[in-house]
Amino acid sequence: MTDASIGTPEQLRDPNYTPPLAKAVPLGIQHVLAMFVSNVTPAIIICGAAGFGFGSNSPDFPQMIYMIQMSMFFAGVATLLQTVTLGPIGARLPIVQGTSFAFIPIMIPLVAGKGVDAIAVVMGGVIVGGFFHAILGLFIGKIRFALPPLVTGLVVTMIGLALVKVGIQYAAGGVPAKMSGAEEYGSLMNWFMAGIVVFVTLGLKFFARGMLSVSAVLIGLLVGYAVAFMMGEVNLSNVGRAASFALPNPLHFGVEFTAAAIIGFCLMSFVSAVETVGDVSGITKGGAGREATDKEIQGATYADGVGTAVSGFFGALPNTSFSQNVGLIAMTGVMSRHVVTIGALFLIAAGLIPKVGAIVSSIPIEVLGGGVIVMFGMVVAAGISMLSDVNWNRRNMVIFAIALSVGLGLQQEPDALKHLSGTIKILLTSGLLPAALIAIVLNLILPEELSGESTEEVSGGMAGHGEGSLSNK
C-alpha cells in the first residue's frame with residue numbers, strides 16, 4: 001500500500017506524476033521482481049524444446065544465455081514504448097511488457113528436437129506476427145465482439161493445459177534426461193528440489209503480504225536454487241566464462257519465413273491483442289478509476305506489435321503486457337508510468353550483462369520445474385476465472401465442449417493427423433489454434449435461440465436441479 005510521502009491521492013492516479021526518486025526506484029524494482037521469472041522462462045522452454053543442452057559443456061548453451069539476455073533487454077525496450085511512447089506507439093500508461101506464454105504452444109512444434117537452426121523459423125514468425133499485431137491496433141475495438149470471455153477464457157485455459165506437461169517434465173529432470181532414459185529422471189531427489197519451490201511459493205502466496213506475496217515464485221526459485229546448490233546440483237562455471245557486457249546482435253539466429261510460423265503467430269496475435277486490451281482496462285480502472293480511452297488501447301496495441309517485431313529481429317520472443325503487474329499497480333495504488341520506466345531501465349541493463357543470463361541458466365531444470373508448475377497452473381486458473389463470466393447456457397456449453405475436445409484431443413494425440421502436410425499439421429497439432437478457431441466461428445454462427453434452451457440434457461446431471469452454476473437463462 002502507499003503512504004503520504006509518495007504523493008497525494010490525485011497525484012497517485014496521474015500517469016504523468018513522478019514520485020520522489022527514493023520511492024520511485026524501489027517501486028520500479030518491484031515491477032521487475034514481479035515479472036522476472038515469467039519473462040525469462042519462455043526462452044528456457046523453447047531452447048529446451050529445440051534440444052539445446054542444459055549442461056555447461058553444450059555448444060548450444062551460449063545461445064540459450066543470449067536468448068535469456070534478449071528476453072530481459074527487449075522486455076525493457078517494449079515497456080519503454082508503452083511508458084515513454086514513440087509517436088502513436090504506446091499508451092503512456094504504466095504497462096509492463098514481457099515475453100508471452102501464449103505463443104509457446106505454437107513455437108514448440110516448430111522447433112521440437114530440431115536444434116538451434118530451427119530458431120530462425122520462430123524468428124520469422126515473431127517478426128511478421130509482430131507487424132500484423134501492430135496493424136490490429138487500427139481496428140482492435142471492432143474485433144473485440146468476436147472474442148468474448150467464452151473464447152478468451154477457453155484459449156487461456158488451453159495455453160495453460162498445453163504447458164503443464166512441460167512443468168512436470170522439468171520437475172522430473174527435463175526432456176533430454178527422459179529421452180536418454182537416464183535413471184535419475186523422475187527420481188526422489190529431482191522431485192524434492194521441485195517440491196521445495198512449490199512449497200515456499202505457496203507459503204508466501206497465502207501467508208505473506210505485499211512484495212513477499214507478489215514475488216512468491218521468484219523467492220521460491222531462489223530458495224530452491226540455494227537448496228540445489230547445497231546438494232551440489234548447481235554448476236556456475238558458465239558465469240565465470242560469460243562476458244560482462246554485450247550488445248544485441250541483429251539476426252543472431254537468422255530468419256526464415258514459413259507458412260506455419262507466420263499463420264500461427266498472426267492468429268495468436270488476435271488473442272494477445274485482446275489480452276492487452278484487458279490489461280490496459282485493468283490498469284486504468286485499478287489505478288485511476290476510469291475506463292481506458294480508444295487512443296490508449298490503440299497505442300498499447302501498436303507497442304505490443306512493434307515491440308514483438310523488433311524483438312524477433314534481434315533473437316528474442318514475442319512480447320505482451322503482463323497481467324501480474326496490473327495487479328501490482330492496483331495493490332500499490334501508484335499509477336505513475338515513470339515508475340515503470342525505471343523498471344524498464346533495470347531490465348535493459350540486465351539484458352546487457354551476459355553474466356545475468358548465465359546465472360539464470362544455471363538454475364537446475366528441476367528447480368525451474370517447480371516454478372513452472374506453479375506459473376502454468378496459474379495460467380489455467382486465470383482461464384477458468386475468465387470462463388466464470390460466461391453464461392453457461394446450452395449454446396455456450398456446446399461451443400466450449402466441441403472446441404475443448406478437438407483442441408485438447410489433437411494436442412494429446414498428434415499422430416491422428418500424421419497424413420497431413422507439414423504446415424497444416426503443425427498448426428492443428430498445437431491444439432490451441434483449432435480450439436480458438438472453432439470457438440470463434442461457432443460463437444459467430446450459432447443462433448442465440450439456443451441460449452434459452454435447458455442445459456439439463458447435455459449436463460448429465462451436473463447442472464443440479466435446473467438452477468445453479470449452469471443456469472437456464
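The values are calculated or read from the model by the stated rules, or taken from the named source; none is laboratory data. These figures come from a predicted structure and were not determined experimentally. Note that each Cβ is placed from the backbone with ideal geometry, even for glycine, and that neighbours are counted across all protein chains shown. Just the protein is used for accessible areas: all its heavy atoms, side chains included, with ligands, DNA and RNA removed. Shrake-Rupley method; radii C 1.70, N 1.55, O 1.52, S 1.80 Å.
Under Stokes-Einstein, with the Kirkwood radius over Cα pairs as Rh, the value for the chain at 37 °C and 0.692 mPa s is 144 µm²/s. Excluding ligands, DNA and RNA, the accessible surface per residue across region 377-445 is 49 Å² with a 1.4 Å probe. Model label sites at V234 and L86, defined 7 Å from Cα along the beta-carbon direction, differ in position by 3.7 nm. Residue ranges 63-75, 286-298, 259-271 sort as 63-75, 259-271, 286-298 when ordered by packing (mean number of other C-beta atoms within 10 Å per residue, highest first). Rounded, prolate or oblate: which fits region 183-286, taking a ≥ b ≥ c as square roots of the Cα gyration tensor eigenvalues, rounded meaning a/c under 1.5, else prolate when a/b beats b/c? It is oblate, given that a/c is not under 1.5 and a/b is not larger than b/c. The radius of gyration of the Cα set in region 312-423, together with its Dmax, comes out at 20.3, 55 angstrom.
Charging the Cβ of each Asp and Glu at -1 and of each Lys and Arg at +1, and nothing else, the dipole of the chain about its Cα centre rounds to 700 debye. Counting only whole DSSP H helices of the chain, the ones at least 24 Å long by C-alpha along their axis and with mean Kyte-Doolittle hydropathy no lower than -1.0 are 21-50, 61-83, 119-136, 149-172, 188-207, 259-283, 294-313, 365-387, 394-412. The distance linking region 388-449 with region 319-385 is 30 Å (Cα centroid to Cα centroid, whole angstrom). Overall, the accessible surface of the chain at a probe of 1.4 angstrom is composed of carbon and sulfur to the extent of 67 percent.
From the alpha carbon centroid of region 224-273 to that of region 73-114 is 13 Å.
How much of the pair distance distribution for region 98-182 lies past 19 Å, counting alpha-carbon pairs only, in percent?
Across region 98-182, Cα pairs with separations above 19 Å total 57 percent.
When the Cα positions of G422, V227, G113 are compared along the charge dipole of the chain, V227 comes out farthest toward the positive end, with charges on each C-beta of Lys, Arg, Asp and Glu.
Per-residue extension of 0.36 nm, minus the Cα-Cα distance of A208 and A288, leaves a gain of 26.2 nm for this segment. Ordering of 89-98, 128-137, 22-31 by packing is 89-98, 128-137, 22-31, highest average first (other Cβ atoms within 10 Å, averaged per residue).
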